[in-house]
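Have a look at the structure below, then the notes.
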């Protein structure tokens, strides 16, 4: 159950959910909950607040397309997923990196895309 | 006088005939820009060194996030109303009483830019006369000193 009650926080959470749905609709498995994350898939991670407009705020959302292992087949899988989600993201910069989480402390190969979203608030 | 650090947001930017349409969510910067035009006075026999003749004009300027995919967006509005005089009401911060109202001439602004990123574009709309500044610091300054809190 979400602890979010503040309208600004709720608007950000809603925008993150919209991003997850858009990536899923493009044919790429996606979540923002690392507890049920099963690579190859995309994961939407906590945003940075980077500014805003007169009546809104702007966040940068890191989205990782994560391979299940370090083999070339894993890279090809996430290239395929990124290709599907490419237009939904509205961003053309994807950086190869490692996705590290408490469940995967050694890291897994990933593409990192930073998505800028401005939210009315 | 205590120190004050005025910052924008959350605020509103209403454009068009009252009550106007709210476009504050598109504007990442808004400012009122005064420009001073000064010309030398003409020396006369009586006043050989006249003061310069100065006039101040104002413009409502800022930066807006491109929204050309929205037919009801700010960019389309400016394109459709380019050159027209429109009312504006700018509230830099709704928690404060300072409000600027006036008329400005809408100018279309640049559309598009880099691919795959959020694009912002500067705009500049010359004001008709001097906008009316109500509330906030101006109202405080107009009060007798004894009434100040």
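From Cα pairs below 8 angstrom and at least 6 apart in sequence, can you work out the relative contact order of chain A, rounded to a whole percent?
Reported relative contact order: 27 percent.
Kirkwood Rh, the stretch B:41-80, all Cα pairs: how many Å?
After inverting the mean inverse Cα-Cα distance, the result is 14.5 Å.
At q = 0.09, 0.19 Å⁻¹, work out log10 I(q)/I(0) for chain A with the Debye formula, treating every Cα as an identical point scatterer and leaving solvent out; two decimals please.
Results for chain A at q = 0.09, 0.19 Å⁻¹ read -0.25, -1.01.
Per residue of A:54-64, what is the mean number of Cβ atoms on other protein chains within 10 angstrom of that residue's Cβ?
5
Using only Cα atoms and rounding to the nearest 10 degrees, what angle (0 to 90) does helix A:7-25 make with the longest principal axis of chain A?
30 degrees
Can you order the peptides A:31-37, B:43-49 by their average number of other Cβ atoms within 10 Å per residue, highest first?
Ranking, from highest mean packing down: A:31-37, B:43-49.
Under the definition of partner shielding as Cβ atoms of other protein chains within 10 Å of a residue Cβ, what is the mean value for peptide A:111-118?
Mean partner-chain Cβ count within 10 Å for A:111-118: 2.
Listing B:55, B:21 from the residue with the fewest other Cβ atoms within 10 Å to the one with the most, what is the order?
Neighbour counts put them in this order, fewest first: B:55, B:21.
Just how many % of Cα pairs in the protein assembly as shown lie over 36 Å apart, if you round to the nearest whole percent?
Pairs farther apart than 36 Å: 37 percent.
Return one number: the angle in degrees, 0 to 90 and rounded to the nearest 10, between the long axis of the Cα atoms of helix A:72-89 and the longest principal axis of the Cα atoms of chain A.
Long axis of A:72-89 versus the principal axis of chain A: about 30 degrees.
I'd like the FRET efficiency for residue B:97 and residue B:36, computed as 1/(1 + (r/R0)^6) with the beta carbon distance as r and R0 of 35 Å, rounded to 0.05.
Between residue B:97 and residue B:36 the formula returns 0.80.
Considering only B:97, B:108, B:72, give the residue with the highest GNM mean-square fluctuation for chain B, with springs between Cα atoms whenever their separation is below 10 Å.
B:72
Mind jotting down the distance between the C-alpha centroids of the stretch A:59-121 and the stretch B:46-60, whole Å?
Cα centroid to Cα centroid, the span is 60 Å.
Count the DSSP beta bridges whose two residues both fall in the protein assembly as shown, then state the antiparallel fraction as a percent rounded to the nearest 5.
The antiparallel fraction comes to roughly 95 percent.
Shielding of B:20-29 by partners, i.e. mean partner chain Cβ atoms within 10 Å per residue?
4
How big is the stretch B:1-78 by the Kirkwood estimate over distinct Cα pairs, in Å?
About 16.4 Å, per the Kirkwood formula over Cα pairs.
Picking from A:13, A:78, A:23, which is most flexible by a Gaussian network model of chain A using Cα springs under 10 Å?
Largest GNM mean-square fluctuation: A:13.
Quick one: A:19, B:13, fewest Cβ neighbours within 10 Å first, how do they rank?
Ascending number of Cβ neighbours within 10 Å: A:19, B:13.
In what sequence do B:125, A:75, B:90 fall when counting other Cβ within 10 Å, fewest first?
Starting with the residue having the fewest Cβ neighbours, the order is A:75, B:125, B:90.
Laboratory data are not the source of any read-out in this text; all were calculated from the coordinates shown. Note that the structure is predicted; figures quoted are calculated from it, not measured. Note that each Cβ is placed from the backbone with ideal geometry, even for glycine, and that neighbours are counted across all protein chains shown.
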